[in-house]
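Laboratory data are not the source of any read-out in this text; all were calculated from the coordinates shown. No experiment lies behind these values; they were computed from the predicted model shown.
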Amino acid sequence: MSTAHGLILVVEDERHIADLHKLYLSKAGFGVHIETTGEGALKAARTLHPSAILLDVGIPGPDGVEVCRILRAEGIWTPVLFCTARDDEVDRVLGLELGGDDYITKPFSPREVVARVRAAVRRSERAVQGDDETITMGEVTIDKAARRVTVRGQEVVFTATEFDLLAHLMSRPGRIISREQLLADVWGYAAVVTTRTVDVHVAQVRAKLGDASPIRTVRGVGYGAEPPGEQQGGSDSDE
Ligand code: CA
């Protein structure tokens, strides 16, 4: 069933859109499995172990946001690329604590979908391969091999994207990285789509780390991570 590029689970209740996704994802070398309902999506995600899920938010219940929440609660961290049709759907997706990894807004171009799916699959592969480094900043420690984050020895659950974002910043202590660069490095594409994605994920990482967060904002520039002792006094941090 899967191909060299991996299997993509496409969840979309509009048959012609689903067929279109299948057409160009297959052309790009992916295997494609289509589901049209939330129930079907859950079953397929649990049994087929796809490399990524292209998940329409507006599907017969449970809807896309619920499906992602349920999978995360079950410990299934397959990258999810949400397809949203309206702004209120975008807000729900961004507000989702256990994160979708990315979202695109309808109407979308086949090229954009393929690029995003590819980036999501790359992220999941990277997640499997990992890296055996452990980095500590103040009270926060990340274990890149296990992809675990601990604060004062207590594990904090991170989504794949939140982990990649924190690991990227903590691997480059003291360096301030622009939102655009973070999109390119962490999400894997350099589109102008939305730097809001970065802000939302940084906010989620900070919320999880609380006052132990090493992330610093430089207004108008970007984000960086620094050990607490080395943070510059009188900085322009807006935490
Ligand atoms: Ca739909």
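A few remarks follow.
- Alpha-carbon Rg with Dmax, taken over region 7-128, Å: 12.7, 34
- Contact order normalised by residue count of region 130-230, Cα under 8 Å, 6+ apart, percent: 29 percent
- Counting every C-alpha pair in region 130-230, the share spaced more than 15 angstrom apart comes to 58%.
- Share of alpha-carbon pairs per 10 Å distance bin for region 50-121, given as whole %: 21, 57, 21, 0
- For residue 103, nonlocal amide neighbours, meaning residues 5 or more places apart or on other chains whose placed amide H falls under 5 Å from its own, are 82.
- Within straight-line reach of residue 144, meaning a Cα separation under 28 Å, sit the following lysines at least 8 residues removed in sequence or on another chain: 208.
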